[in-house]
Number of protein chains: 2
Amino acid sequence: MMLILSTPAIQYNKGHLSVLNQQKLPLEEEWIDCSTPEDMVEMIQSLKVRGAPLIGIAALLALAQLVERGANRDSIIAAARLLRQSRPTAVNLAHSIDRVLKRLDEESDHFKAVLSCVKEIVQEDIALCEAMSAAGAKIIQKGENLLTYCNTGCLATVGTGTALGVIKEAHRQSKCIHVYACETRPLLQGGRLTAWELTNAKIPHTLICDNMAGYLMSLGKIDRVLVGADRIARNGDFANKIGTYSLAVLAHHHRIPFYVVAPYTTFDAGCPDGSHIVIEERCANEVRGVKGVLSQMIWSPADTPVYNPAFDVTPSSLVTAYIMDRGQLKKEELQTSFEKS
Amino acid sequence: MMLILSTPAIQYNKGHLSVLNQQKLPLEEEWIDCSTPEDMVEMIQSLKVRGAPLIGIAALLALAQLVERGANRDSIIAAARLLRQSRPTAVNLAHSIDRVLKRLDEESDHFKAVLSCVKEIVQEDIALCEAMSAAGAKIIQKGENLLTYCNTGCLATVGTGTALGVIKEAHRQSKCIHVYACETRPLLQGGRLTAWELTNAKIPHTLICDNMAGYLMSLGKIDRVLVGADRIARNGDFANKIGTYSLAVLAHHHRIPFYVVAPYTTFDAGCPDGSHIVIEERCANEVRGVKGVLSQMIWSPADTPVYNPAFDVTPSSLVTAYIMDRGQLKKEELQTSFEKS
């Protein structure tokens, strides 16, 4: 199987799978070969590959590789289950894997089942990004200052992205936007990855520390906030990168519209509200310093106790609207929209 | 002149002045000699010595040194003016220098004028810290979880500190408190200096990234927020480390009491409100990476545009009360209290 992907983050060609190590971006562009599902689990857990939609696809490509290398049905199912558990918070991973498992159930030719399903999901992800970008760009007015968080671009999906996809589309439509990118501690996906994407796309932008967003809002310098999501519950509560909740409260206080941009695969119909979302906690050294960006640097006392949740939950009451592949939805419309499909 | 200071940040003994380089803490305890007022200006601007009250004292000690080395009245006045301009936002520096200049005006013996005035202000600063600590500790209830920001301890004053002084006093009174310390990007005074002070003082604490504070509040894990201030305007608006404003909005949203702890020297009667406070902007590389902590590490694209205000302004409407050396004051009481004195 050959795949043409819009993302610069992953490559797949006839069983050869390689991943751009996002932990080293933008300082180094290191490609790492993936040979087994276990390799992919490690890459997902160490955030060499990250971004809710991209993780879902990366896991599928590891399955495709396994299939193309002649694995049998049982070992494919075992690998699928292993990959499904690699990170708990983003739902896209579980969604993708469940679709492949269902297809395997329906189709006796496991080679065909896996590869056709993976190809479908990849193409769908690209199309979802385009649909979100189009729906979101409509909302953005000329000359606006947009605030975004973490990385939600082509390093987080196999298409153009979610929130950053919208921003890139608005720029393509010559809306003269300017972007404030929050650096997103502790892993600095904003300072490293979003700044890299915005630089490459020549979109006017300014990098800020996360704690500066509120002050910018108070100065009237932010017109709109756009963030991605890792899991959206039935009532519209959503999990996203730690710090998203603070931005939502700050935007609410300043009456600045706050949008969640996500494909339907991020919606979890089985999750009634945010209190049911499992929040992953990560290791202390990520907060004691910077870990994984070329090298490690610790600036806090070595044994300082740390709290390091990777995500937080934002209640739907703080969300202006959800920009999804099927257009802009209010929180009341979320459940109905997904029941219909 | 000999001085016994409670701070581990600065030493003065008969014209010999040395400063603990706070840019290298806690990884290295490097002492730097200061020989001229120009040396001190550099140390203040590069944040080797920082903290609103401590800067005020450090500048005075540079003047004391100049006097003890035999400088004449004119060169003392010139040095005082130079030091006064080294950083714009904190008012304590201007206050201290103005007091020395006034004393020089009143007293013909400039040796005596400067040294007696410096000694007085140093002793006063230590006493102010004790008064604030006592006033603040009263408010803190047993078992509370306190959130603090930046560094406001014995590395920021010549006494025990402002907000962190209160926290240390509550701990000394066996109130079984636990502290959440925000790391305070970009210069990480929380992750480096407050974590170091809390570790040394054996106070139970947890270090978090600044963007985690809101989520902790939503989980009900913060009972009270205590911050310092660099300048308090007549109406109670105050400037403090960038990120303070966001914390104040978040505390307000969650109905968590939010206290400003500062000595009367931080009150600027000449400043009607926050809009008149000059906010210092600093260099871009502080945000593009970490600068000055042993070495420099840049993780963003090298030419990424950056916004880097060192402070923000929080309106008095978000402040529960001001804990000052003269006790707890409401914003309405601030001006009256200072008119009386």
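The values are calculated or read from the model by the stated rules, or taken from the named source; none is laboratory data. It should be emphasised that the depicted structure is a prediction, and the values quoted were computed from it without experimental measurement. FYI the Cβ positions are ideal-geometry reconstructions off the backbone, even for glycines, and counts take in every protein chain you see. Note: areas computed on protein heavy atoms with side chains; ligands, DNA, RNA excluded. Shrake-Rupley method; radii C 1.70, N 1.55, O 1.52, S 1.80 Å.
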So, in the stretch A:56-76, exactly how many residues are outside any loop (DSSP other than H, G, I, E, B) and surrounded by fewer than 18 Cβ atoms within 10 Å (Cβ to Cβ)? 4
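So which strands (runs of 3 or more DSSP E) are wholly in the stretch A:1-54 and hold at least 3 residues that are under 30 Å from B:G289 (Cα atoms)? Show your work before the answer.
On the way: elements: A:10-13, A:16-20, A:31-34.
Correct list: A:16-20, A:31-34.
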Yes or no: the stretch B:105-112 includes at least one residue that is surrounded by 19 or more Cβ atoms within 10 Å (Cβ to Cβ) and either under 30 Å from B:T314 (Cα atoms) or among the basic types (K, R) (or both). no
Determine whether B:C129 is of a type in the set (A, V, I, L, M, F, W, C), surrounded by 24 or more Cβ atoms within 10 Å (Cβ to Cβ) and closer than 28 Å to A:V287 by Cα. no
Would you check if there is a residue in the stretch B:27-41 being open to solvent by 10 Å² or more (accessible area, probe 1.4 Å), within 14 Å of chain A (Cβ to nearest Cβ), touching a residue at least 40 places away in the same chain (Cβ under 8 Å) and more than 17 Å from the chain's Cα centre (by Cα)? yes
In this structure, does B:A156 turn out to be more than 25 Å from B:G56 (Cα to Cα), open to solvent by less than 10 Å² (accessible area, probe 1.4 Å) and not charged (D, E, K, R)? no
Condition broken by A:D268, with the remaining ones in (1) within 14 Å of chain B (Cβ to nearest Cβ); (2) acidic (D, E); (3) closer than 29 Å to A:R99 by Cα satisfied: (1)
Can you tell me which residue is nearest to B:Y264 (Cα to Cα) among those in the stretch B:284-341 that are in a helix (DSSP H, G or I) and within 8 Å of another protein chain (Cβ to nearest Cβ)? B:V287
Of residues in the stretch B:305-329 being among the aliphatic types (A, V, I, L, M) and touching a residue at least 24 places away in the same chain (Cβ under 8 Å), the one farthest from A:E183 (Cα to Cα): B:M324
Has the stretch A:280-289 got any residue that is over 28 Å from B:Y245 (Cα atoms) and not charged (D, E, K, R)? yes
With the requirement that a residue be within 16 Å of A:L247 (Cβ to Cβ) and open to solvent by 20 Å² or more (accessible area, probe 1.4 Å), what does the stretch B:244-260 give you? B:H252, B:H253, B:H254
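Which count do you get for residues in the stretch B:168-190 that are more than 16 Å from B:T244 (Cβ to Cβ) and either open to solvent by less than 10 Å² (accessible area, probe 1.4 Å) or within 14 Å of another protein chain (Cβ to nearest Cβ) (or both)?
4
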Here are some conditions: (1) within 30 Å of A:I298 (Cβ to Cβ); (2) open to solvent by 20 Å² or more (accessible area, probe 1.4 Å); (3) in contact with a Pro (Cβ under 9 Å, 6 or more places away or on another chain). B:P53 meets all but one. Which one does it not meet? (2)
From the residues in the stretch B:99-116 that are touching a Lys or Arg at 6+ places or on another chain (Cβ under 9 Å) and in contact (Cβ under 8 Å) with a residue 24 or more places away in the chain, which one is nearest to B:D268 (Cα to Cα)? B:L101
What about B:N235, is it in contact with an Asp or Glu (Cβ under 7 Å, 6 or more places away or on another chain) and more than 24 Å from B:L54 (Cα to Cα)? yes
Does A:V261 fit the bill of being within 20 Å of the chain's Cα centre (by Cα) and at pLDDT 95 or above? yes
Among the residues in the stretch B:292-315, are any within 21 Å of the chain's Cα centre (by Cα), open to solvent by 10 Å² or more (accessible area, probe 1.4 Å) and over 26 Å from B:Q22 (Cβ atoms)? yes
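Residues that are assigned to a helix (DSSP H, G or I) and more than 8 Å from chain B (Cβ to nearest Cβ): does the stretch A:214-229 have at least one?
yes
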Could you tell me which numbered condition A:P88 fails, if it satisfies all but one of (1) at pLDDT 95 or above; (2) out of contact with any Leu (no Cβ under 7 Å at 6 or more places or on another chain); (3) within 23 Å of A:E280 (Cβ to Cβ); (4) surrounded by fewer than 24 Cβ atoms within 10 Å (Cβ to Cβ)? (1)
Is it true that some residue in the stretch A:291-307 is modelled with pLDDT under 95 and among the basic types (K, R)? yes
Those residues of the stretch A:238-265 which are within 11 Å of chain B (Cβ to nearest Cβ) and farther than 16 Å from A:R50 by Cβ amount to A:Y245, A:S246, A:L247, A:A248, A:V249, A:L250, A:A251, A:H252, A:H253, A:H254
Look through the stretch A:191-206, keep the residues that are among the aliphatic types (A, V, I, L, M) and outside any loop (DSSP other than H, G, I, E, B), and return whichever of them is nearest to the other protein chains (Cβ to nearest Cβ). A:A195
Among the numbered criteria (1) in a helix (DSSP H, G or I); (2) in contact (Cβ under 8 Å) with a residue 24 or more places away in the chain, which single criterion is violated by B:K142? (1)
Test: residue in the stretch B:136-145 that is among the aliphatic types (A, V, I, L, M), open to solvent by 10 Å² or more (accessible area, probe 1.4 Å) and at pLDDT 95 or above: yes
Between A:G236, A:G270, which is touching a residue at least 40 places away in the same chain (Cβ under 8 Å) and either of a type in the set (K, R) or not in a strand (DSSP E or B) (or both)? A:G236
Looking only at the stretch B:239-257, decide whether some residue is in a loop (DSSP other than H, G, I, E, B), closer than 23 Å to B:E280 by Cα and charged (D, E, K, R). no
Which numbered condition A:S275 fails, given (1) of a type in the set (S, T, N, Q); (2) part of a helix (DSSP H, G or I); (3) surrounded by 22 or more Cβ atoms within 10 Å (Cβ to Cβ): (3)
